[in-house]
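J.: I am attaching a structure below and will ask some questions about it afterwards.
The values are calculated or read from the model by the stated rules, or taken from the named source; none is laboratory data. Nothing here was measured: the structure is a model prediction, and the numbers come from that model. Backbone-built Cβ (ideal geometry, glycine too); neighbour counts: all protein chains shown.
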Amino acid sequence: MIPIKKLVVPVLVFYFFVDVQGTFYYDCEDVTTLGKVQSLAVINCTSEEPTSKCRLRRGANTTIDLTFKSDVDLDAIKVVVHGIIAGESKSFALPNSNGCNDSGLTCPVTKDSVVTYTTSLPVKKFYPKISVDVKWELRSKDDKDIVCIIIPSHLN
């Protein structure tokens, strides 16, 4: 029989890992894409239930790991992020909107390849405590969506 003390640490580590790996999102409606999302992890996102909003802690960094399969060859990838608050879409300036630089991706991306885009960004302390749907798009050089997702979120 395994002593309880030896079980506590692995259980706590598992709970912590699950708690910070939010994976709830949905595809943008009425958008034709050039790829398909395979998985999404939002690190430093907590939630009581898989279907509830991603709670992002103000004053901390959040990391996005977005794995997708490309249906076309891609020479360049542009990242576009909007915050949707009460139906109003506001552009969010990223420190790096070039999806091919410092993101884990190597361009060109070939058709049928599965790749992971990764980025970290600060959730600034001065941001208000509000609910916001984060619309995250990866676009081709022709400004067509490769993938488009919405992450329901709340800034805490």
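J.: Filter region 69-117 down to the residues that are on the phi > 0 side of the Ramachandran plot and modelled with pLDDT of 95 or more and list them by number.
T.: Asp112
J.: So Thr62 passes all but one of these: (1) in contact (Cβ under 8 Å) with a residue 40 or more places away in the chain; (2) in contact with a Phe, Trp or Tyr (Cβ under 9 Å, 6 or more places away or on another chain). Which condition number does it fail?
T.: Thr62 satisfies all of (1) in contact (Cβ under 8 Å) with a residue 40 or more places away in the chain; (2) in contact with a Phe, Trp or Tyr (Cβ under 9 Å, 6 or more places away or on another chain) except (2).
J.: A further question follows. Return the residues of region 54-92 that are part of a strand (DSSP E or B) and either β-branched (Val, Ile, Thr) or more than 18 Å from the chain's Cα centre (by Cα) (or both); say none if nothing qualifies.
T.: Thr62, Thr63, Ile64, Thr67, Leu74, Val79, Val80, Val81, Ile84, Ile85, Glu88
J.: From the list Lys53, Lys78, pick out the single residue that is among the basic types (Lys, Arg), within 19 Å of Ile146 (Cα to Cα), touching a residue at least 60 places away in the same chain (Cβ under 8 Å) and surrounded by 14 or more Cβ atoms within 10 Å (Cβ to Cβ).
T.: Selected residue: Lys78, the only one of Lys53, Lys78 that is among the basic types (Lys, Arg), within 19 Å of Ile146 (Cα to Cα), touching a residue at least 60 places away in the same chain (Cβ under 8 Å) and surrounded by 14 or more Cβ atoms within 10 Å (Cβ to Cβ).
J.: I would also like to ask the following. Filter region 126-143 down to residues that are in a loop (DSSP other than H, G, I, E, B) and surrounded by 13 or more Cβ atoms within 10 Å (Cβ to Cβ) and give me whichever is modelled with the lowest pLDDT.
T.: Ranking the candidates gives Tyr127 first.
J.: For region 101-111, state whether one or more residues are surrounded by fewer than 20 Cβ atoms within 10 Å (Cβ to Cβ) and touching a residue at least 40 places away in the same chain (Cβ under 8 Å).
T.: yes
J.: While we're looking at this one, here's another question. Of all residues in region 15-32, count the ones that are surrounded by 11 or more Cβ atoms within 10 Å (Cβ to Cβ), outside any strand (DSSP E or B) and at pLDDT 85 or above.
T.: 3
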